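As structure tokens, the structure follows; a few thoughts come after it.
The values are calculated or read from the model by the stated rules, or taken from the named source; none is laboratory data. Remember, it's a predicted structure, so these values are computed and weren't measured experimentally. Because the Cβ atoms are built from the backbone with ideal geometry, glycine has one as well, and the counts that use them run over all protein chains shown.
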């Protein structure tokens, strides 16, 4: 009788945990974010220069690569823009192309930016 | 006798289980997702939020928080900083003016399937004798840029006072209120709370929230359990 009670208890515990996990649906995030969001916010506020952002985002990308994770939408584009601000137009282009490759949804917009960049290059 | 006792002892457990189930499936007035489901947007252009609060930080704070919940819900989100620059280069600095740009024009430049229009209703810390609180409230509309149709709209709020227990008597509360307002302003509590508001407003799977996008394993599975 005692063991039957325990068995009942265990069954109920299992049922409860199944129910709980059904509610929570904990999944791994789709992307490795690092501090990308605070880098973006700092850029908006203008309280940090592009070099600091570049160092921070290269680190996030490195961490993602090391763990076989994807970087989030916009990270490589933002990184490219920061390189552009420091005059590294080659890395501007390289990172925008990387964003486009990771996320083909961005093609129209990034082609527009890349074309504009080339025009400015020619004008110089 | 013992059996009756046992079955009685289990009754509360049954009630607990039922309550848990009820917690999962809380009934909400069903949101009409017909247009959203048909449009199947894959990419979202988040426009700079219109700020209706007195705090000038609100627009950029909300904008910096908008990408993560939408991207984790399965959408491509256009790089908000570059998008902001593009508008500036075209002479559009005020979010209200940007919200007036024709959907077709946005589609032409960005190639986005949908645009998200956010209005920040409240942002910041208010001192209210008994409890100072930081609250961020925002509304959002998702519009299909291919047709101009609204696909979804929602609102959310978050507050620093959530789950606050008022202990320590009146004097204790007054001191706490003053101290907290100072701390909150310094530490940019608004930006922290804006993150909570944004994740409530823009995460798929929330009651009446947006649906999952194509990059999520949950894509087109929203609401299936309820059917």
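Any chance the stretch A:40-50 includes a residue that's more than 10 Å from every other protein chain (Cβ to nearest Cβ), in contact with a helix residue (DSSP H, G or I) (Cβ under 8 Å, 6 or more places away or on another chain) and without any contact (Cβ under 8 Å) to a residue 12 or more places away in the chain? Yes - at least one qualifying residue is present in the stretch A:40-50. Within the stretch B:40-59, being facing chain A (nearest Cβ under 9 Å) and farther than 21 Å from residue A:39 by Cα holds for B:42, B:43.
Filtering the stretch A:71-90 to residues that are away from chain B (no Cβ under 12 Å) and in contact (Cβ under 8 Å) with a residue 12 or more places away in the chain leaves A:83, A:86, A:89. Across the stretch A:56-71, a minimum of one residue is classified as part of a helix (DSSP H, G or I), in contact with a strand residue (DSSP E or B) (Cβ under 8 Å, 6 or more places away or on another chain) and at pLDDT 95 or above. Restricting B:118, B:109 to those that are surrounded by 13 or more Cβ atoms within 10 Å (Cβ to Cβ) and within 12 Å of chain A (Cβ to nearest Cβ) reduces the list to B:109. Per the conditions (1) within 13 Å of another protein chain (Cβ to nearest Cβ); (2) out of contact with any helix residue (DSSP H, G or I) (no Cβ under 8 Å at 6 or more places or on another chain); (3) crowded, with 20+ Cβ neighbours inside 10 Å, the sole criterion not satisfied by residue B:62 is (2). Residue by residue through the stretch B:79-98, note down the ones that are surrounded by fewer than 18 Cβ atoms within 10 Å (Cβ to Cβ) and in contact (Cβ under 8 Å) with a residue 40 or more places away in the chain. Within the stretch B:79-98, B:96 is the sole residue that qualifies.
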